[in-house]
Every structure is written in structure tokens, then in C-alpha cells.
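Engineer: Just dropping this structure here.
The values are calculated or read from the model by the stated rules, or taken from the named source; none is laboratory data. None of the values given here were measured: they were computed from a predicted structure. Methodologically, a virtual Cβ is constructed for each residue, glycine included, from the backbone with ideal geometry; neighbour enumeration extends over all protein chains shown.
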Amino acid sequence: MGQTIPVKVKVGMLSHPMIEEHFIQSIELFAGDKSLGKVELNPKENTTAEAEFNVALSKGLKLRAIAYCNIHGMWESVRNI
């Protein structure tokens, strides 16, 4: 393991809506299959669909973020470090 850095996960190229009719319910970050944390969101308390996690970097690390939209379901993104 290496240095710990903050990793911000944002949902959407343009910010995903965060209104009662359409919002991101949660964002979870994984290193491989290990969960690094999960953030629950709701439109009354969160104006943006994003979360920040502290990640200990290591060579060959694959980060996978999963977001759950109340309308569209699961969204996934993967980044290699």
C-alpha cells in the first residue's frame, strides 16, 4: 500500500439531477471486490451527486464506483491506477 489520497466520485459528465423525482441514492467505491465505503445520498440534504473517499494507493489498483439512481438503477465506472 502507498500514500492515502482523497478520491472524489461524481455521477455523470454533467451533474446528475438531485431532485425528489430523480436522484442518486448511493455511491459505493471498491478496490477490486473490496468495498472502500458507501455514501447514502438524498435530494433534501445533497445538492450534487458526488462522494469523497480516502484511498490508499497501490500499483495495479482498480477502482470501481457503483451509483444507484432511483429511476435508472445501477451505474458503474472503473479506473485503473
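Engineer: Restricting to the stretch 1-34, name every residue that is over 21 Å from residue 70 (Cβ atoms) and either at pLDDT below 90 or more than 11 Å from the chain's Cα centre (by Cα) (or both). Steps first, answer last, please.
Structural biologist: Residues of the stretch 1-34 that are over 21 Å from residue 70 (Cβ atoms), as a first pass: 1-8, 30-34.
Passing the criteria: 1, 2, 3, 4, 5, 6, 31, 32, 33, 34.
Engineer: Taking the stretch 25-81 as the search range and keeping residues that are among the small types (Gly, Ala, Ser) and assigned to a loop (DSSP other than H, G, I, E, B), which one is farthest from residue 3 (Cα to Cα)?
Structural biologist: Applying the first criterion (among the small types (Gly, Ala, Ser)) to the stretch 25-81 yields 26, 31-32, 35, 37, 49, 51, 56, 58, 60, 65, 67, 73, 77.
From what is left, the residues that are assigned to a loop (DSSP other than H, G, I, E, B) are 32, 49, 58, 60.
Details: 32: 18, 49: 26, 58: 8, 60: 14 Å.
It comes out as 49.
Engineer: Let me ask something else about it. Any residue in the stretch 2-20 that is without any contact (Cβ under 8 Å) to a residue 40 or more places away in the chain and surrounded by 10 or more Cβ atoms within 10 Å (Cβ to Cβ) sitting within a Cβ distance under 7 Å of a residue that is among the polar types (S, T, N, Q) and in a loop (DSSP other than H, G, I, E, B)? List the pairs, counting only those 6 or more apart or interchain.
Structural biologist: 15/48; 18/46; 18/47; 18/48
Engineer: What are the pairs, 6+ residues apart or on separate chains, where a residue within the stretch 58-72 that is under 20 Å from residue 12 (Cα atoms) has its Cβ under 9 Å from a residue that is assigned to a loop (DSSP other than H, G, I, E, B) and aromatic (Phe, Trp, Tyr)?
Structural biologist: What qualifies is 69/23; 70/23; 71/23.
Engineer: Take the conditions in contact with a Lys or Arg (Cβ under 7 Å, 6 or more places away or on another chain) and at positive phi and apply them to residue 32. Does it pass?
Structural biologist: On the way: in contact with a Lys or Arg (Cβ under 7 Å, 6 or more places away or on another chain): yes; at positive phi: yes.
Taking the combined requirement at face value, the residue satisfies it.
Engineer: Residue check: is residue 39 surrounded by 11 or more Cβ atoms within 10 Å (Cβ to Cβ) and under 18 Å from residue 15 (Cβ atoms)?
Structural biologist: Yes.
Engineer: Check residue 28 against each of (1) among the charged types (D, E, K, R); (2) surrounded by fewer than 17 Cβ atoms within 10 Å (Cβ to Cβ); (3) under 17 Å from residue 73 (Cβ atoms) and name the one condition it does not meet.
Structural biologist: Checking residue 28 against (1) among the charged types (D, E, K, R); (2) surrounded by fewer than 17 Cβ atoms within 10 Å (Cβ to Cβ); (3) under 17 Å from residue 73 (Cβ atoms), the one that fails is (2).
Engineer: A follow-up question, please. Return yes or no: is residue 17 touching a Phe, Trp or Tyr at 6+ places or on another chain (Cβ under 8 Å) and in a loop (DSSP other than H, G, I, E, B)? Don't jump to the end; show me each part of the working.
Structural biologist: Working: touching a Phe, Trp or Tyr at 6+ places or on another chain (Cβ under 8 Å): yes; in a loop (DSSP other than H, G, I, E, B): yes.
Criteria met by residue 17.
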